[in-house]
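A.B. asks: Okay, handing you the structure first.
The values are calculated or read from the model by the stated rules, or taken from the named source; none is laboratory data. Treat the numbers as computed from the prediction; the structure is a model and nothing was measured. Glycine also receives a Cβ, built like all others from the backbone with ideal geometry; neighbour counts cover every protein chain displayed. Areas reflect the complete protein model, heavy atoms only, side chains present, ligands, DNA and RNA absent. Shrake-Rupley method; radii C 1.70, N 1.55, O 1.52, S 1.80 Å.
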Amino acid sequence: KLGSIDRRQNIQLHTLGAQTFGNRASKNCITLQTQKELDGYFGGAIIKGEFEPGQKIVKFRNFILGTAVASNEGLKSQFPRAFRTQEIVLK
């Protein structure tokens, strides 16, 4: 699944779509800086901070992790729940 169309007819990029095509993105990318942010993203948490609203491609180091939605509350992970139960090792 690369994405879906929401009720406003906007395309919402799926995590797998971001991982496939994200290396070509030059806008709407966020790079996580700390292990705490990374753990929060994989756990489905909201990462506090100031972000321009909208959907973002999330990176850590040179890895494209997936997508998130930025709002006034922070960056809300859209990392799929089905993937959260797996062990993830970044080298």
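A.B. asks: If you go through the range 61-78 one residue at a time, how many are closer than 10 Å to Gly40 by Cβ and assigned to a loop (DSSP other than H, G, I, E, B)?
C.D. replies: 1
A.B. asks: While we're on this one: Would you check which residues across the range 13-27 are surrounded by 15 or more Cβ atoms within 10 Å (Cβ to Cβ), over 16 Å from Arg84 (Cα atoms) and not small (Gly, Ala, Ser) and list them?
C.D. replies: Leu13
A.B. asks: Anything in the range 30-54 that is open to solvent by 50 Å² or more (accessible area, probe 1.4 Å) and either under 10 Å from the mean Cα position of the chain (by Cα) or aliphatic (A, V, I, L, M) (or both)? List them, or say none.
C.D. replies: Passing the criteria: Thr31, Ile46.
A.B. asks: Exactly one condition in (1) at positive phi; (2) assigned to a helix (DSSP H, G or I) is not met by Gly49; state its number.
C.D. replies: Single failed check for Gly49: (2).
A.B. asks: A further question follows. I'd like the full set of residues that are hydrophobic (A, V, I, L, M, F, W, C) and either open to solvent by 20 Å² or more (accessible area, probe 1.4 Å) or over 20 Å from Ala25 (Cβ atoms) (or both), limited to the range 58-80. If you could, list the steps in order and put the result at the bottom.
C.D. replies: Here is the first cut: in the range 58-80, the ones hydrophobic (A, V, I, L, M, F, W, C) are 58, 60, 63-65, 68-70, 75, 79.
Hits for the range 58-80 are Phe63, Ile64, Val69.
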